[in-house]
Amino acid sequence: MMLNDSVAIVTGSGQGIGRAIALELAAAGVQVVVNDVNSDKAEETVELIRAAGGEGLAVQADVTKAADVDRLIKTALDQFGKINILINNAGITRDSLLLRMKEADWDAVLAINLKGVFLCTKAVSKGMLKQRSGVIVNISSVVGLSGNAGQANYAASKAGIIGFSKSIAKEFASRGIRVNAIAPGYISTDMTETLGEGLQTEVLRAIPLGRLGKPEDIAQVVRFLVSPAASYITGQTLCVDGGMEI
Ligand code: NAD
């Protein structure tokens, strides 16, 4: 499934799942705009892409800021002339039980995880609507489907992504633009490494396939969803979770 002659923006791809997605798409022949709020990490991902023979460009931008997002899109268009693929991956957690949850933690999670998806999708969609083609994949979470004690802000943002994706899939379908969400289960990255060993054992018990996920498990599904092999799929949320959500 080569995707030559395509240009993708992957938000939050300075590390973790986003980096794996950027590398996977670059390996498929996609020119990848590596966005992250942390410019050093974005540059590192681009170095990895180039070392593997691919093409990438690092653009530092904070997805919560409309001016940053506009600059991100403009830089991508100036460099590559078009954008075919948007992967909204940037996300954070600020976990605590509701009664202890600070307003700032609610606002930060909703701003990055949900408003960021809105801003990037809106900014990219202008060009996609004009070219009458495009693919958007939004990274949600199984927690957006099932909820999770201690993650009310995160679960709300990830459920919001699912409703957003379905709505935009309906708005854009007639213009040849597909929009889907992926709901990862428990994937080993910096985001999840803080979990203690006891909790890790508990999580493992809840995964029928008996192992934690790897960033590449998500990246390979992104590659499928943006490819012509998925040309009849839109508005869906695909759980990639080792069976956790069953
Ligand atoms: P991570 O913390 O390893 O990486 C997130 C990246 O996003 C970082 O490089 C960070 O600098 C960047 N980022 C943060 N705020 C940003 C902003 N405002 N603008 C641009 N970039 C920003 O996380 P991860 O585990 O790779 O998670 C990636 C996505 O997958 C997130 O949306 C997360 O919610 C989702 N997810 C992860 C898991 C998991 O188990 N790791 C499970 C379900 C969903």
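Where a number appears in this text, it was derived from the coordinates with a stated rule and is not lab data. Quick caveat, the model's predicted, so the values are computed rather than measured. Quick reminder, even Gly has a Cβ in these numbers, built from the backbone with ideal geometry, and neighbours come from all protein chains shown.
Odds and ends about this structure:
- Pairs exceeding a 29 Å alpha-carbon distance, out of K65/K166; K41/K170; K102/K126; K41/K65; K65/K102; K102/K214: K41/K170; K102/K126; K102/K214.
- Set of segment 135-168 residues, backbone N closer than 14 Å to the point 7 Å along the Cα-Cβ line of S96: 150-154
- For segment 143-193 versus segment 198-246, the gap between their alpha-carbon centres in whole angstrom: 12 Å
- The order of S231, S96, going from fewest to most other C-beta atoms within 10 Å of their C-beta, is S231, S96.
- Listed by chain and number, the lysines placed with their C-alpha closer than 16 angstrom to that of K130 are K74, K82, K122; residues fewer than eight positions away on the same chain are left out.
- A viscosity of 1.306 mPa s and a temperature of 10 °C, combined with the Kirkwood radius over Cα pairs in Stokes-Einstein, give a translational diffusion coefficient for the chain of 89 µm²/s.
- Counted as membrane-span-like here are DSSP H helices of the chain whose alpha-carbon atoms extend 24 Å or more along the helix's own axis and whose Kyte-Doolittle mean is -1.0 or above; these are 152-172.
- T194 versus E216: modelled label distance in nm, points set 7 Å from Cα along the beta carbon direction: 2.8 nm
- Exposed-loop-free span, longest in the chain, where trypsin sites (Lys or Arg not before Pro) count as exposed if DSSP calls them loop and at most 13 other C-beta atoms lie within 10 Å: 1-101
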